[in-house]
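Report on the structure given below.
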Amino acid sequence: MHYYHDKKNAVAYAEMCVGYDAAVQLEILFNVLPDGAEVLELGSGPGNDMQLLDSHYQVTGSDYSPAFVDMLTARFPDQTVMSLDAVTIAADGPFDAIYSNKVLHHLSDEELAASFSRQAQLLTPGGLVFHLVWSRLEAPEDETGLIYEARNEVALEEAMGSAFEVLETHSFGEFDADDSLAILAKKK
Ligand SMILES: C[S@@+](CC[C@H](N)C(=O)[O-])C[C@H]1O[C@@H](n2cnc3c(N)ncnc32)[C@H](O)[C@@H]1O
């Protein structure tokens, strides 16, 4: 079983994240994507960023963990919540933008490339991806069994292949200075 599929791990994560969201970083998206756009969030977890997206966009929340999908469905009874793997993204689309916060480090390099390829298929022409990733990360010594793969701009561009043009990157600190990266890219 995946770590976050265990309800007690999902609940512990949600409790740790109370009061935390990516309001500062999301301003980058709010500045370029008009209100009312269709936005898909991958790996929404407890939904703190979905709450912010919901105030601007038609947002679809998602996660591959049934425990988080249940949490999201309870928290956002009027929004669409889907059970989606960030690699295969079995949604219909199209979406004007696809967003994630600290999800893509759980994908292998091959899975990340497959995810970006699928994201390109799901976007409208000129659609945006906006992802917040760890750019530096100490691999945890615990037994989560999850992949923890930090990615810099070069690695992300490589995974995007020729499908996207990077518009903007922004380093920021979550635990340590510049341990995280926001990347905004447009489907070519
Ligand atoms: C560190 S948490 C971040 C949650 C949320 N985005 C936030 O900022 O609080 C990682 C999230 O990614 C989800 N996740 C990990 N691998 C995934 C995958 N392959 N497909 C979909 N969700 C995944 C986990 O279930 C969890 O909700």
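The values are calculated or read from the model by the stated rules, or taken from the named source; none is laboratory data. All values derive from a computational prediction rather than experimental measurement. Backbone-built Cβ (ideal geometry, glycine too); neighbour counts: all protein chains shown. Accessible surface is based on the protein model in full, side chains and every heavy atom, while ligands, DNA and RNA are left aside. Shrake-Rupley method; radii C 1.70, N 1.55, O 1.52, S 1.80 Å.
For the reader, a short list of remarks on this structure follows.
- Given (1) outside any loop (DSSP other than H, G, I, E, B); (2) within 25 Å of Glu143 (Cα to Cα); (3) β-branched (Val, Ile, Thr), index of the condition Val24 fails: (2)
- Candidates Val154, Val103 - the one that is open to solvent by less than 70 Å² (accessible area, probe 1.4 Å) and either of a type outside the set (D, E, K, R) or at pLDDT 95 or above (or both): Val103
- Some residue of the range 79-98 being in contact (Cβ under 8 Å) with a residue 24 or more places away in the chain, under 15 Å from the mean Cα position of the chain (by Cα) and on the phi > 0 side of the Ramachandran plot: yes
- Residues that are in contact with a helix residue (DSSP H, G or I) (Cβ under 6 Å, 6 or more places away or on another chain) and either crowded, with 22+ Cβ neighbours inside 10 Å or assigned to a helix (DSSP H, G or I) (or both) within the range 67-100 comprise Ala67, Phe68, Val81, Ala86, Phe95, Ile98, listed in sequence order.
- Some residue of the range 107-120 being within 16 Å of the ligand (Cβ to nearest atom), open to solvent by 80 Å² or more (accessible area, probe 1.4 Å) and part of a helix (DSSP H, G or I): yes
- All told, Phe76 meets the bar of being in contact (Cβ under 8 Å) with a residue 12 or more places away in the chain and more than 22 Å from Pro125 (Cβ to Cβ).
- Checking each residue in the range 135-151 for being small (Gly, Ala, Ser) and open to solvent by 60 Å² or more (accessible area, probe 1.4 Å) picks out Ala139, Gly145.
- Filtered residue count, the range 168-183, keeping only those that are buried (at least 21 other Cβ atoms within 10 Å of the Cβ) and under 22 Å from Leu122 (Cβ atoms): 2
- Filter result for the condition that a residue is away from the ligand (no atom under 13 Å from the Cβ), touching a helix residue (DSSP H, G or I) at 6+ places or on another chain (Cβ under 8 Å) and at pLDDT 95 or above, over His131, His170: His170
- When Glu165 is tested against (1) closer than 19 Å to Gly43 by Cβ; (2) of a type in the set (D, E, K, R); (3) free of Cβ contacts under 8 Å to residues at least 40 places away in the same chain, just one condition goes unmet, and that condition is (1).
- Summed over the range 3-26, residues that are surrounded by 15 or more Cβ atoms within 10 Å (Cβ to Cβ), over 28 Å from His170 (Cβ atoms) and among the aliphatic types (A, V, I, L, M) total 1.
- Verdict on Gly161 being open to solvent by 20 Å² or more (accessible area, probe 1.4 Å) and at positive phi: yes
- Pick from the range 40-61, criterion within 13 Å of the ligand (Cβ to nearest atom) and acidic (Asp, Glu), ranking: surrounded by the fewest Cβ atoms within 10 Å (Cβ to Cβ): Asp49
- Residues in the range 19-39 include at least one that is farther than 21 Å from Asp85 by Cβ, aromatic (Phe, Trp, Tyr) and more than 9 Å from the ligand (Cβ to nearest atom).
- Each residue in the range 117-146 was checked for being more than 30 Å from Lys8 (Cα to Cα) and of a type outside the set (S, T, N, Q), and 9 of them qualify.
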